[in-house]
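Structure first, commentary second.
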Amino acid sequence: MTERPALSLPAIHASHGGCWLRDGFATRGVGKGDAIVAAADTPLLMLNAPLVASRLGYPDLSGLDLLELFAFVHPARFMVPTPKGLAHALGLDEPAGDDKVPGLLQEAAEALLATCESADWAEREGAWTALQSLVRMRWPWATLLGPRIRKPERAERWLFAKLPEWEEAAERPQPAQVVLGETAVVSRLKDLTGAGAEARPTQQDYAREASRMFAPRQGQGQPHVVLAQAGTGTGKTFGYLAPSSLWAEQSGGTVWVSTYTKALQRQLRRESRRAFPASRNGKPPVVVRKGRENYLCLLNLEDALQGGFAGRAAILAQLVARWAAYSQDGDMIGGDLPGWLGTLFRKRGIAALTDQRGECVYAGCPHYRKCFIERAARASADAELVIANHALVMVNAARGRDAAQRPTRIVFDEGHHVFEAADSTFSAALTGAETIELRRWVIGPEGKSRGRRRGLSARLADVASYDEEGERAIAQAREAAEALPSEGWLARVVEGTPSGPIEDLLSAARALAYARDESGGQEAGYGLETEIAQLDGGFIEVAGRAQEALEALRKPLVRLGLRLEAIVEDGPDWLDGPARARIEGARSAIGWRSDLIAGWIALLARLGGPGDPDFVDWIAVERSDGREWDVGLHRHYLDPMKPFANAVLAPSHGVMMTSATLRDGDDWSSAVERSGAPHLDIAPRLFTADSPFDYASQAEVLIVTDVPKGDIPALAAAYGRLIEASGGGALGLFTAIRRLRAVYGRIADRLARGGLPLFAQHVDPIDTGTLVDIFRDDPRASLLGTDALRDGVDVPGDSLRLVVMEQVPWPKPSILHRARRLAGGGSAYDDRIIRARLAQAFGRLIRSAGDKGHFVVLSSAFPSRLLSAFPAGTPIRRVTLDVALQSVSASVSGRESAQTPREGIS
């Protein structure tokens, strides 16, 4: 490692194990009180100020955060936000212990500042200009950076002048009808895996089966559907990329690969480089697509830079602008923007810089030709492979008016999540949060609300001046939108003083939910639900007035959509390319909002009448930590694969759903039902490949029988002792956030004093993706989390050697679950869900041939019928906690005898 001088500013490091302060060049341990006093007296060097503040219990802590400096000096560069990660990113020695971290912070600060003086600093452009703004904002690092960054000889281009523009392209022809030969598919697979790779017959069989989805379709609405369960380690990714790349090359068409998690999207982006060329005809063959809310909105950023943001949020905007100039695609959520950056700024965060509320003005935006979102959409039309997520694929299929954006050959990886993605996509929620956003979209800013949200009148001013009928429709829609909830709606609903027909409905719904609550107030921290049934006349009347108000809004929106369509078809003189694009964007937005309102109207129209067997309807009051945040009426399909089949499967030519956990044991019936194929009278092709791992020697399932259910002290003690026995490397999974926090609070300090860092979702001020990065990077760290960590987390190697579940993951007894349970076979339906969750959680443990570990469930009465969730041959024992600890410890001792573990600091 390179030796560098250290910055002599004082530095602080705080963990659950204690606090260390370095004044000048001497480090000493200090109490939390002394640390807080020191931080209040002078700016201290620190790493991740919100996390340090959490450790000290001092939320107002501020100082010289190395993460902010790193984001300025190296925008769009990955770094694990820990002392170890910082050291690796800068080529410094890892700290040998917590007491060495303050010294590292001084070295790292000097290394980053010295980079700014280097002639080969790759991210120099734009730094001086950004720094001048940061000086005015009194950013703590600005005075230290000032002498290190020289003023450029020429004025630097502003970000918005520097970004490249996308170009219009001719529409692609339909793909050729080709049949993939098995020999060619296997040959392509060998090219991807490498000449020296050992041939895997199972992977070859999988690739051959995947190729079946690309055969020419023989009947309208009759796609080729392949369901492929392939155990972990089969090589699924290259297995389907081989035929996908071959078909795209031969046909000239586009294959969409859809994932449920962002982690798999990142993995696919990396691995697809081996299947597709870096460029074909000057265009990227692989494009990652996400929903609009994931991307930086350049107009929002410009507004933020020009005074829309104040205080700390204004500093965030400058750092995001630095990132935008170097970003690969402008993806702020799971892309190359560091996930930890937004958590450093507590008030206005990343979401305020994205298009969260459908406020895009399309070609009316001065940055339209540089827009990251539009660039990705156009690139995907010319791509050979589009990597997307389940929700976007379903939305594009259901709402897409542009055939180039409508997928017809789709691989659903993480296919076991297609059902829940469809459940979310094809549902309706008439809630306060949804309706107030609709009001803002129609009317625009009101009162003291800030931001650039523009109503229909502002977006379509030229249309209104040209077309009288369009102008009348806009005015009528704006007037009708006044009936929707406005700012302060929730307070009025809670106080019983609603304003307008929709707030009246929400107030009545809330009152009914509380009236029918049978918890006796024992569940004050959780939401309330009640089915929409047995409603009295008063409620029906209120719902009728709300329905009339919604119909009064939908009618002018539909007319406006028709007028815009007529204008596009018979364009006036002023309808140039940008104007046409803006109107097309407005048509699309109006269309899906009209459909949204139609769903609400249909929900209200059935109140008081006979129930529709296709739907499940209920009222919910959403609460978190005792605070209400939304109220509304909900409608879900009893079987969401019915609309999925019509909207996604029927227009497609080939669809594959693949996962390690599609089936229930050896039974395909549930997977077939959840594919949607039966709704089209299609018999899908079924393929199974077992995992190549030797679970009999690599893993063991321990059912711990003596930890009483509901005993938080005993639960915490079990977690703490198991983590100590494994020497860290533990993933703890919980079914309730309340229990997660209680366990974390009881064991974090003790573990840290033993050199075992503990992190947790819903506790640490760190986003989930970064928590996983930290966990993966330190074999002695452990991580506690909920459903988001049960699958989609890929941590191979020694960093994950123990998975602990607090209990059997029973389904939440919601109204929707009750209805599906009744239709799906009662307790057998529950068992299928639980086995799937157990299988997904177990799948986190063994990710490579060299992995070994234990899967522990703390359940005194684990039903034997659920044991088939685990791979055949996996040893399963019911044991006491002491016996489980002995097994875990023995496994650790076996590893330590093979190699001495290296301690790390997080």
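The values are calculated or read from the model by the stated rules, or taken from the named source; none is laboratory data. Keep in mind that this is a model prediction, so the values were computed, not measured. Ideal geometry is used to build each Cβ from the backbone, glycine not excepted, and the neighbour counts take in all protein chains shown.
Residue count for region 673-696 satisfying the condition of being in contact with a Pro (Cβ under 9 Å, 6 or more places away or on another chain), closer than 22 Å to Gly843 by Cα and not acidic (Asp, Glu): 5. Pairing residues of region 717-738 that are crowded, with 23+ Cβ neighbours inside 10 Å with residues that are of a type in the set (Ser, Thr, Tyr), at Cβ distances under 7 Å and at least 6 apart in sequence or on separate chains, gives Ile723/Ser782; Gly728/Ser782; Gly729/Ser782; Gly729/Ser799; Ala730/Ser782; Gly732/Tyr719; Gly732/Ser782; Phe734/Thr786. Entry remark, region 383-395: residues being surrounded by fewer than 22 Cβ atoms within 10 Å (Cβ to Cβ) and over 15 Å from the mean Cα position of the chain (by Cα) number 1 in total.
Condition check ((1) part of a helix (DSSP H, G or I); (2) at pLDDT below 90; (3) over 23 Å from Glu167 (Cα atoms)) across all residues:
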residue: Arg369; (1), (2), (3): yes, yes, no
residue: Ile373; (1), (2), (3): yes, no, no
residue: Arg378; (1), (2), (3): yes, yes, no
residue: Ala381; (1), (2), (3): yes, yes, no
residue: Val386; (1), (2), (3): no, no, no
residue: Ala397; (1), (2), (3): yes, yes, yes
residue: Arg401; (1), (2), (3): no, yes, no
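Comparison of Leu758, Leu822 shows that the only residue that is of a type outside the set (Asp, Glu), touching a strand residue (DSSP E or B) at 6+ places or on another chain (Cβ under 8 Å) and at pLDDT 90 or above is Leu758.
When region 297-332 is examined, which residues are found to be buried (at least 19 other Cβ atoms within 10 Å of the Cβ) and not in a helix (DSSP H, G or I)? Within region 297-332, Cys297, Phe309, Ala325, Ser327, Asp329, Gly330, Asp331, Met332 qualify. With respect to the conditions (1) of a type in the set (Phe, Trp, Tyr); (2) within 30 Å of Pro643 (Cα to Cα); (3) in contact with a strand residue (DSSP E or B) (Cβ under 9 Å, 6 or more places away or on another chain), Phe372 falls short on a single one, namely (2).
Within region 3-47, which residues are in a helix (DSSP H, G or I), surrounded by fewer than 17 Cβ atoms within 10 Å (Cβ to Cβ) and touching a residue at least 24 places away in the same chain (Cβ under 8 Å)? Selection gives Lys32 alone. If you check Arg292, Arg322 for being touching a Leu at 6+ places or on another chain (Cβ under 9 Å), under 29 Å from Arg378 (Cβ atoms) and in contact (Cβ under 8 Å) with a residue 60 or more places away in the chain, only one passes: Arg322.
When you look at Arg801, is it on the phi < 0 side of the Ramachandran plot, touching an Asp or Glu at 6+ places or on another chain (Cβ under 8 Å) and among the charged types (D, E, K, R), yes or no? Break it down stepwise before answering.
Working: on the phi < 0 side of the Ramachandran plot: yes; touching an Asp or Glu at 6+ places or on another chain (Cβ under 8 Å): yes; among the charged types (D, E, K, R): yes.
When the stated conditions are applied, Arg801 passes them.
Quick one: in region 179-204, of everything that is aliphatic (A, V, I, L, M) and within 26 Å of Leu649 (Cβ to Cβ), which residue is surrounded by the fewest Cβ atoms within 10 Å (Cβ to Cβ)? So, considering only residues that are aliphatic (A, V, I, L, M) and within 26 Å of Leu649 (Cβ to Cβ), the one surrounded by the fewest Cβ atoms within 10 Å (Cβ to Cβ) is Val179.
The set of residues from region 205-242 being over 17 Å from Leu264 (Cβ atoms), small (Gly, Ala, Ser) and surrounded by fewer than 23 Cβ atoms within 10 Å (Cβ to Cβ) comprises Ala215, Gly219, Gly221. For region 97-149, the helices (runs of 4 or more DSSP H) that sit wholly inside it and include 1 or more residues that are assigned by TED's automatic domain parsing to the domain that holds Leu67 and among the aromatic types (Phe, Trp, Tyr) are 127-136.
From the residues in region 591-626 that are closer than 17 Å to Ala819 by Cα and without any contact (Cβ under 8 Å) to a residue 60 or more places away in the chain, which one is nearest to the chain's Cα centre (by Cα)? Of everything passing the filter in region 591-626, Phe615 is nearest to the chain's Cα centre (by Cα). Of everything in region 275-291 that is surrounded by fewer than 18 Cβ atoms within 10 Å (Cβ to Cβ) and touching a helix residue (DSSP H, G or I) at 6+ places or on another chain (Cβ under 8 Å), the residue that is modelled with the highest pLDDT is Gly291. For region 161-176, a tally of residues being surrounded by 13 or more Cβ atoms within 10 Å (Cβ to Cβ) and either under 28 Å from Ala111 (Cβ atoms) or in contact with a Lys or Arg (Cβ under 7 Å, 6 or more places away or on another chain) (or both) returns 3. The listed residues are Glu495, Glu531, and the only one of them that is within 30 Å of Gly626 (Cβ to Cβ), touching a residue at least 60 places away in the same chain (Cβ under 8 Å) and acidic (Asp, Glu) turns out to be Glu531. The single residue among Leu557, Leu603, Leu575 that is surrounded by 15 or more Cβ atoms within 10 Å (Cβ to Cβ) and either closer than 30 Å to Ala677 by Cα or not assigned by TED's automatic domain parsing to the domain that holds Glu434 (or both) turns out to be Leu603. Restricting attention to region 725-754 and to residues that are over 31 Å from the mean Cα position of the chain (by Cα) and among the charged types (D, E, K, R), the residue that is nearest to Trp810 (Cα to Cα) turns out to be Arg750.
Could you tell me whether region 853-866 includes any residue that is without any contact (Cβ under 8 Å) to a residue 60 or more places away in the chain, within 30 Å of Gly797 (Cβ to Cβ) and in a helix (DSSP H, G or I)? Scanning region 853-866, I find at least one residue that is without any contact (Cβ under 8 Å) to a residue 60 or more places away in the chain, within 30 Å of Gly797 (Cβ to Cβ) and in a helix (DSSP H, G or I), so the answer is yes. Listed by first and then second residue, the pairs linking a residue in region 88-99 that is at negative phi to a residue that is hydroxyl-bearing (Ser, Thr, Tyr), with Cβ atoms under 6 Å apart and 6 or more places separating them unless they lie on different chains, are Asp98/Ser15; Asp99/Thr27. Regarding region 667-680, can at least one residue be identified that is touching a His at 6+ places or on another chain (Cβ under 6 Å) and part of a helix (DSSP H, G or I)? No.
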